[in-house]
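Below is one structure, written out as structure tokens; the observations come after it.
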Ligand SMILES: Cc1ncc(COP(=O)(O)O)c(C=O)c1O
């Protein structure tokens, strides 16, 4: 033990925590997490705190001198955990089932330890290649054809934003180069989704500068599914009015009711009018791993892009969203910018595909690690068995 450590009880001033302390506190944290999972059902589901209560309990200024891990971890237990709503509580029934799991937590720990910035193949070859492997496994498990390549983003909101960007790029209107402002040659560009679609689609349209008016919400039927005939009529009307329809977003598992849009009928409309079909399967897509539930993804192989969130229903700690895309070249065309400082000797080598050229972010977390560990630990059948059991639990009891 170093002198400073003996005196202060924590790490020397210019280094990180000592390896010995890291081991000791690491064990303590893992024990704390194991206890948390074993006893979470005894906690209230909803945090019993008033707004600003936690702020009032914490010092307003940062500590001048470092504090001991004992003190910090004690506050996590006594102040932070009680101010959380417990998504892993067995009685948490809001929104979606939470999804974390032990191998996923280990994946997060290792991801933080490696601290890889997976911007280029060269900066994190394993991150790049494991992403390809894990997403190929997941693609096979949900039965999508090999014509789809996958890429990981943080959330479905961001996956859908990228999908709609690729769709817009497919129009060849030079929006990347010239933007959209003040262009007399650019009529209204239309995106379609059902009135039940997730708000992230509208946000994507706002973010892309298309404007909310470019999103046409198609009525749903009595089962909350997009009315494909109403879609066809809307597209024809817009074409007659001189707008450019370019993208339809179908939802497999809507947020409010898990209704499934009629993807086959929507794909027919898209094929007739040459529209990009994006499927938002953020929530329900994981059900496709279960052979008898594969029908939820029927006709999705006809989509151009599909998003699925392992952080919703595949035991994956937040965050990890997957976008499958049949035209990665369009994502590349929309987002690739390679300044001098990002050039490496591997440029042009297929395996050196740099994921940062396929999206907004430059630096990327090594998210694939946790997904790969989860798929290995549970296996395809283990994952399917768990999803099957979730559905059994959700079914109303038979009389
Ligand atoms: C159908 C659907 N799409 C997209 C989203 C957005 O997910 P994320 O939080 O990953 O952006 C949700 C989440 O509620 C959803 O239910």
> Fewest first, what order do 189, 314, 130 take by the number of other Cβ atoms within 10 Å?
Replying inline: 130, 189, 314
> Taking the Cα centre of each part, how many Å lie between region 97-165 and region 45-67?
Replying inline: 34
> So what's the chain giving for Rg/Rh, alpha carbon basis, Kirkwood Rh from the mean inverse pair distance?
Replying inline: 1.01
> Looking only at 203, 312, 174, which one moves most when the chain is put into a Gaussian network model with springs between Cα atoms under 10 Å?
Replying inline: 174
> Pulled fully out, how much extra length does the chain show between residue 362 and residue 49, if you take 0.36 nm times their separation in residues and subtract their Cα-Cα distance?
Replying inline: 108.9 nm
> If you build a Gaussian network model of the chain, linking Cα atoms that sit under 10 Å apart, which residue out of 266, 72, 151 swings the most?
Replying inline: 72
> Of all the C-alpha pairs in region 103-189, what % are more than 21 Å from each other?
Replying inline: 52
> Extension gain residue 256-residue 75, at 0.36 nm per residue separation less the Cα-Cα distance, in nm?
Replying inline: 61.5 nm
> Roughly speaking, what is the stretch gain from residue 199 to residue 28, that is 0.36 nm per residue apart minus the C-alpha to C-alpha distance, in nm to one decimal?
Replying inline: 57.5 nm
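Which value, in Å to one decimal place, does the Kirkwood hydrodynamic radius take for region 141-188 when every pair of different Cα atoms is included? Let's see the in-between values first.
Numbers: mean 1/r = 0.0753 Å⁻¹.
One over the average 1/r among Cα pairs gives 13.3 Å for region 141-188.
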>> Modelling each spin label as a point 7 Å along the Cα-to-Cβ direction, I'd like the residue 112/residue 60 distance in nm, to one decimal.
In response: 3.0
> Over region 291-399, with a single point scatterer placed on each C-alpha, what log10 of the ratio I(q)/I(0) does the Debye formula yield at q = 0.19 1/Å?
Replying inline: -1.18
> Between region 272-342 and region 233-250, what is the C-alpha centre distance in whole Å?
Replying inline: 23
> With the radius of gyration and the Kirkwood radius both derived from the Cα set of region 192-267, what is their ratio Rg to Rh?
Replying inline: 0.96
> Most exposed first by the Cβ proxy, i.e. fewest other Cβ within 10 Å, how do 367, 122 rank?
Replying inline: 122, 367
> Applying 1/(1 + (r/R0)^6) with R0 = 35 Å to the Cβ-Cβ distance of residue 230 and residue 93, what FRET efficiency is obtained, to the nearest 0.05?
Replying inline: 0.60
>> Could you give me D for region 3-94, from Stokes-Einstein at 37 °C and 0.692 mPa s, where the hydrodynamic radius is the Kirkwood radius over C-alpha pairs? Units µm² s⁻¹, please.
In response: 211
> In a GNM of the chain with a 10 Å cut-off on Cα contacts, which of 43, 326, 183 has the highest mean-square fluctuation?
Replying inline: 183
> On a 0 to 90 degree scale, rounded to 10, what angle separates helix 156-169 from the longest Cα axis of the chain?
Replying inline: 40
>> Given R₀ = 22 Å, what would the calculated FRET efficiency be for residue 181 paired with residue 340, taking r from the Cβ atoms and rounding to 0.05?
In response: 0.15
> Order of 170, 356, 91, 136 from fewest to most other C-beta atoms within 10 Å?
Replying inline: 91, 136, 170, 356
>> For the chain, what does the helix formula give at 222 nm: sum of -39500 (n - 2.57) over DSSP H segments with n ≥ 4, over the residue count, nearest 500 deg cm²/dmol?
In response: -12500 deg cm²/dmol
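None of the figures in this text is laboratory data; all of them are computed from the coordinates on show. Please read these numbers as outputs of a predicted model, since none were measured by experiment. Note: ideal-geometry Cβ built from the backbone for every residue, glycine included; neighbour counts use all protein chains shown.
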